[in-house]
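Report on one structure; see the data block that follows.
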Amino acid sequence: MSIFDFLSGQFIDVIHWTDDTRDTMVWRFERQGHEIKYGAKLTVREGQAAVFVHEGQLADVFTPGLYMLETNNMPIMTSLQHWDHGFKSPFKSEIYFVNTTRFGDLKWGTKNPIILRDPEFGPTRVRAFGTYTVKVSDPARFMSEIVGTDGEFTMDEISFQIRNIIVQEFSRTLATSGIPVLDMAANTRDLGKLVAEQISATITGYGLTIPELYVENISLPAEVEAVMDKRTSMGVVGDLNRYTQFQAAEALGRADSAAGNAMATGMGAGLGMTMGGAMAQSGPWGPRPAAAAPPPPPPVEHVWHIAENGATKGPFSRASMGRMVMDGALQRETMVWTQGQDGWIPAGDVAELAQLFTVMPPPPPPGV
């Protein structure tokens, strides 16, 4: 091997990364002490970004494409290396490939119940869980704020922190939303969007974004759900008496079962008691006299209204109407009305009031 071939082997001239995992967010290109050749080829595939770190400083960021690592493609690196135009020496730099695709099917959920005031149930505890997706939106910020010098950063290392942010904001949003518990299932989509908007500023500070956040379920404690199931069962049963009769008929039909026999025995005893009561009422010397019927309810006393000169007066009792007849304030032609009467009627045409006008004779005819 010639010296030229040996020196060429010490330089890296092809830089790329193919990810065969599903959870790697950042992977550091391993140089193994080799220097990067000036003019080397850098391949950044779709869903990736390449971040160069030179002597601890964040340098250039490359988006998907094929690059020749030269001064015109690395402006920040050129200024850090103090390269003059046309200088072509090899250099050492840490290269991190950042996965910018979506990481999906990530779980979140409340460890402890959320206490809220429900307009129907009062103070209530609920739990919630769902899924979300996360994506690196700013590779440089993500490297500086989260990854640091980690050579292989996976989704598991950041998912715990993101879950805490989601749960905290979801708890606050749900407690202040005022949505009844029974209506939350119809509003999970809006709740997911609202929570994603609220945590957007915090997540953006990490160089991340959450494209999707879903609320899959909001549940009550087991004891409350059991009570609600009983309430639902009562609504399904409907008429409790008819349901009891139906159950009794089914039990009688299952004569070969112990439950059916017991039900038949119980109903037989009930029928025997009923027949015994009937015989006790009839007696050995014929049927006993029936109990006296209760007296009819007292008649309802009407109250009356009077129409005079476009105005109404009243209500007046029958006794008051009689005094008005004596005083001449009530005539046979006076229009009166009481509850249940169809419109206004002259007092003399009402049977109940017509009797009042017969107490005193009418005034004598003129000229007699």
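The values are calculated or read from the model by the stated rules, or taken from the named source; none is laboratory data. If you're wondering where the values come from, they're calculated on a predicted model, not measured in any experiment. Every residue, glycine as well, gets a Cβ built from its backbone with ideal geometry; the counts of neighbours run over all protein chains shown.
Do the conditions hold for A201, that is, is it aliphatic (A, V, I, L, M) and surrounded by fewer than 18 Cβ atoms within 10 Å (Cβ to Cβ)? Give the derivation first.
Details: aliphatic (A, V, I, L, M): yes; surrounded by fewer than 18 Cβ atoms within 10 Å (Cβ to Cβ): yes.
Judged against the criteria, A201 is a match.
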Could you tell me which of the residues D256, D229, D190 is at pLDDT 65 or above and farther than 30 Å from T133 by Cβ?
D229
State yes or no: is G192 in contact with a Pro (Cβ under 8 Å, 6 or more places away or on another chain) and surrounded by 14 or more Cβ atoms within 10 Å (Cβ to Cβ)?
no
Test: E212 is in a helix (DSSP H, G or I), modelled with pLDDT of 90 or more and either touching a Phe, Trp or Tyr at 6+ places or on another chain (Cβ under 8 Å) or surrounded by 13 or more Cβ atoms within 10 Å (Cβ to Cβ) (or both):
no
Number of the exception - I306 against (1) modelled with pLDDT of 85 or more; (2) in a loop (DSSP other than H, G, I, E, B):
(2)
Right, N73: over 21 Å from V53 (Cβ atoms), touching a strand residue (DSSP E or B) at 6+ places or on another chain (Cβ under 9 Å) and not in a strand (DSSP E or B) or not?
no
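I'd like to check something: does the range 150-170 contain any residue that is closer than 16 Å to S219 by Cβ and part of a helix (DSSP H, G or I)?
Checking the range 150-170: at least one residue is closer than 16 Å to S219 by Cβ and part of a helix (DSSP H, G or I).
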Just wondering, is there one or more residues in the range 132-139 that are touching a Gly at 6+ places or on another chain (Cβ under 7 Å), assigned to a loop (DSSP other than H, G, I, E, B) and in the same structural domain as S200 (by TED's automatic domain parsing)?
yes
In the range 68-89, is there at least one residue being of a type in the set (A, V, I, L, M, F, W, C), within 29 Å of S159 (Cα to Cα) and surrounded by fewer than 17 Cβ atoms within 10 Å (Cβ to Cβ)?
no
Test E333 against the criterion of being at pLDDT 85 or above, among the acidic types (D, E) and part of a loop (DSSP other than H, G, I, E, B), and give yes or no.
yes
